[in-house]
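The structure appears right after this line, and notes come after that.
The values are calculated or read from the model by the stated rules, or taken from the named source; none is laboratory data. Given the structure is predicted, the values throughout are model-derived calculations rather than measurements. As a convention, Cβ positions derive from the backbone with ideal geometry for all residues, glycine included, and neighbour counts pool all protein chains shown.
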Amino acid sequence: MPRVVVTGGAGFLGSHLADALLGRGDQVVAIDNLVTGDVANIEHLFTNHGFTFIEHDVSSYVWVPGEVDAVLHFASPASPIDYLEMPIQTLKVGSLGTHNTLGLAKEKGAKYLLASTSEVYGDPHVHPQTEDYWGNVNPVGPRGVYDEAKRFAEAMTMAYRRYHGLDTRIVRIFNTYGPRMRPGDGRVVSNFIVQALRGEPLTIYGTGTQTRSFCFVDDEIRGLMALLDSDETDPVNIGNPHEFTVRELADVVIDVVGSESEIVTRPLPPDDPTQRCPDISRAREILRWEPKVQLREGVERTVEYFAKTLAV
Ligand code: UDP
């Protein structure tokens, strides 16, 4: 049975990845320091003999006893409000955490998958974003701590590939949503759903004409698994190519929830990307992957989750 280390294993994506890996018979060692992860996301796995949880910050030296076949580095604050609150931890987990986990993979002769991000494209001048676009990132702005950490992480991963011959993969993840996002995560889908369910006003930052392309978590995880199992060593965008304005998203959420909430505007955070949409030609061609869940259906499933979570 392959044994897979997932850093950020108690987080939103990490816990769904753990489910998918265990579901196909792999063993999973989840590592998380629980700053943004939550044991509630993995509680259901503690009775599974193939599952181990280690509470640890991967920015410090990482060791896992026994054989390891793959290391999936998903640990990082990933919401703008989190990395604004934890700028140095965000820089550390993207840099030192990547170095430590690459070191673990090298020592174990394991495959390595880096969770990178559409944020490496910054506020993009190329639209939709193809993997060969180098991006437009402000290194000294508040988002720079995440963007530059992930750009460094990609460079470090490629250096391990070129210098040590490590078997690496890099995924650039675009806005993903679904069950297990934290109610206070701060990202637009969870904010709008929680606000709508509570009958509070939906907070649109700026004019709401900025765009994002929202991928439902099940689709994202299917894409990540396909990349892990492929031979593709260059970065691959995994995201949903259907682009919506933030205002359109607000309308969908209000409609699905059947909420009376009004819409209010708040200042646009600095360096907030104006438009974002993945070009997924590579994923389609190489992985034979594309998302299946439409925004409305995904929002319905996420609303169901939050309705339950908020009720307890
Ligand atoms: N946003 C918003 N209202 C909110 C939260 C976010 O209008 O309550 C906007 C934010 O300014 C950005 C978009 O929604 O333009 C997506 O924000 P999110 O934090 O989800 O992710 P990002 O893509 O910026 O990392």
Working only within segment 258-303, note down all residues that are outside any loop (DSSP other than H, G, I, E, B) and without any contact (Cβ under 8 Å) to a residue 40 or more places away in the chain.
R284, E285
Test: residue in segment 192-209 that is assigned to a loop (DSSP other than H, G, I, E, B) and either surrounded by 21 or more Cβ atoms within 10 Å (Cβ to Cβ) or under 13 Å from the mean Cα position of the chain (by Cα) (or both)
no
Of the residues T265, T302, which is modelled with pLDDT of 95 or more, among the β-branched types (V, I, T), within 14 Å of the ligand (Cβ to nearest atom) and buried (at least 18 other Cβ atoms within 10 Å of the Cβ)?
T302
Test for E119: is it surrounded by fewer than 19 Cβ atoms within 10 Å (Cβ to Cβ) and of a type in the set (D, E):
no
All but one of (1) within 13 Å of the ligand (Cβ to nearest atom); (2) more than 18 Å from the chain's Cα centre (by Cα); (3) touching a residue at least 40 places away in the same chain (Cβ under 8 Å) hold for T245, so report the exception by its number.
(3)
With respect to L22, is the statement that it is touching an Asp or Glu at 6+ places or on another chain (Cβ under 9 Å) and in a helix (DSSP H, G or I) true?
no
Return the residues of segment 210-222 that are surrounded by fewer than 22 Cβ atoms within 10 Å (Cβ to Cβ) and either near the ligand (Cβ under 10 Å from one of its atoms) or basic (K, R) (or both); say none if nothing qualifies.
Q210, T211, R222
Pick from segment 9-49 the residues that are charged (D, E, K, R) and under 19 Å from the mean Cα position of the chain (by Cα): which of them is farthest from Q89 (Cα to Cα)?
D19
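Condition (residue is more than 21 Å from the chain's Cα centre (by Cα) and among the aliphatic types (A, V, I, L, M)) applied to segment 66-88: is it met by at least one residue?
Yes: segment 66-88 contains one or more residues that are more than 21 Å from the chain's Cα centre (by Cα) and among the aliphatic types (A, V, I, L, M).
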Any residue at all in segment 110-124 that is within 19 Å of P241 (Cα to Cα), assigned to a loop (DSSP other than H, G, I, E, B) and in contact (Cβ under 8 Å) with a residue 40 or more places away in the chain?
yes
Pick out the one residue from V236, V253 that is crowded, with 18+ Cβ neighbours inside 10 Å and within 16 Å of the ligand (Cβ to nearest atom).
V253
What are the pairs with Cβ atoms under 6 angstrom where one residue, in segment 154-177, is part of a loop (DSSP other than H, G, I, E, B) and the other, located anywhere, is hydrophobic (A, V, I, L, M, F, W, C) and surrounded by fewer than 19 Cβ atoms within 10 Å (Cβ to Cβ)? Sequence gap at least six, or different chains.
none
Filtering segment 107-134 down to residues that are closer than 30 Å to A18 by Cβ and either of a type in the set (G, A, S) or within 15 Å of the ligand (Cβ to nearest atom) (or both) yields G109, A110, A115, S116, T117, S118, E119, V120, Y121, Q129
So is T309 within 30 Å of G165 (Cα to Cα), among the hydroxyl-bearing types (S, T, Y), away from the ligand (no atom under 16 Å from the Cβ) and outside any strand (DSSP E or B) or not?
no
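Of the residues H49, H44, H16, which is in a helix (DSSP H, G or I) and surrounded by fewer than 16 Cβ atoms within 10 Å (Cβ to Cβ)?
One residue alone meets the criteria, H44.
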Only residues in segment 178-196 that are within 11 Å of the ligand (Cβ to nearest atom) and at pLDDT 95 or above count as the first member; pair them with residues that are outside any helix (DSSP H, G or I) and β-branched (V, I, T), Cβ under 7 angstrom, at least 6 apart or cross-chain, and list the lot.
N191/T203; Q195/T203
